[in-house]
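Asker: I am attaching a structure below and will ask some questions about it afterwards.
The values are calculated or read from the model by the stated rules, or taken from the named source; none is laboratory data. Worth saying up front: this structure is predicted, and the values here are computed from it rather than measured. Areas reflect the complete protein model, heavy atoms only, side chains present, ligands, DNA and RNA absent. Shrake-Rupley method; radii C 1.70, N 1.55, O 1.52, S 1.80 Å.
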Amino acid sequence: MRRDDFELAGTVGSGTDARWAVNLTVHGIGRPARPLDPGEDDTWITVEQLDGLLDAAVGRPEVTITFDDGNLSDLEIGLPRLQERGLRARFYVCAGLLGQPGRLDAADVRELHAAGMVIGSHGWSHRDWRSLDWSRGEAAEVQEEMVRARRELERLTGSEVSEIAIPFGSYNRHVLRALRRTGATRVYTSDGGWARRGAWLQARTSIRSTDGPDWPQRVMIARPTLGRRVRNRVAGTAKRLRG
């Protein structure tokens, strides 16, 4: 992310550009309560990093905090800190992993929902959707990841679940077409950078274990320049068109 790809945005109440939103992603927090998958430790952050992120988000309506993967730390560490600051976040859960060691269970999902948090789907089994069997259209594994997962979360919360965070941020034209056909109302990627408010496809930026204390302010203070927006659009178009 180059400094000259961004221009300073106004502060809240003094010229914030209402066209743009910044979506930030948290994965695991604190000491992992389960063995991590290869590379997963890169997105497992400290409690201090989460506190810094949430403190920077207070009073910033253009900032959306999201949690992926359905880790138990979402509830035990994330929820009380959100509530202390009066923040509302979005939790994207893998429905097929509920109840596994170190993961949220059904009661935890209900607790997050009852606390006013948004519950969305992160698929059924946290697999790369580009690797699904697309040769037969809406194959069984596509239905499981994009439909069954949502229905299970709706059963648990008693509310519609229509927002999706794509596992690994991995998508192509098949993934996006299937998400539209199955009724997703908003889809979050891991493309990084700012996003157009209200757009169906929303870019997000993940906080990583190596990010320093200045990371939250650094990603929140500037909106993309025209040149950066053009490059992002070209990159996004390439992803949407690939097989």
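Asker: For residue 63, enumerate residues with amide H under 5 Å from its amide H, sequence gap 5+ or separate chain, H modeled in the peptide plane.
Answerer: 22
Asker: Moving to a separate point now. Mind listing the phi-derived Karplus ³J(HN,Hα) values for the stretch 82-92, rounded to whole Hz, using 6.51, -1.76 and 1.60 with θ = phi - 60°, and x for any glycine or proline?
Answerer: Listing the rounded values in order: 4, 5, 4, 9, x, 9, 10, 10, 10, 10, 9 Hz.
Asker: Let me ask you something else. Calculate one ³J(HN,Hα) per residue across the stretch 126-131 by plugging θ = phi - 60° into the Karplus curve 6.51 cos²θ - 1.76 cosθ + 1.60, and present them in order as whole Hz with x for glycine and proline.
Answerer: 6, 10, 6, 6, 5, 8
Asker: Could you give me the ³J(HN,Hα) list for the stretch 95-100, computed from phi with Karplus coefficients 6.51, -1.76, 1.60 and θ = phi - 60°, whole Hz, x at Gly and Pro?
Answerer: 4, x, 9, 4, x, 6
Asker: Relative to the compact globular guide of 2.2 N^0.38 Å, what is the alpha carbon radius of gyration of the stretch 17-126, as a ratio?
Answerer: Taking N as the residue count of the stretch 17-126, the ratio is 1.03.
Asker: With a 1.4 Å probe and all protein chains in place, put 214, 68, 51 in order of accessible area, largest first.
Answerer: Largest accessible area first, the residues go 214, 51, 68.
Asker: Amide H of residue 206: which non-local residues (sequence gap of 5 or more, or other chain) have their own amide H closer than 5 Å, using H built in the peptide plane?
Answerer: Hits under the 5 Å cutoff: 25.
Asker: List the residues, sorted by chain then number, that are 5 or more residues from residue 91 or on another chain and whose placed amide H is less than 5 Å from its amide H.
Answerer: 67, 118, 119, 120
Asker: Full extension from residue 19 to residue 209: what is 0.36 nm times the residue separation minus their Cα-Cα distance, to one decimal in nm?
Answerer: So the chain would gain 65.4 nm between residue 19 and residue 209.
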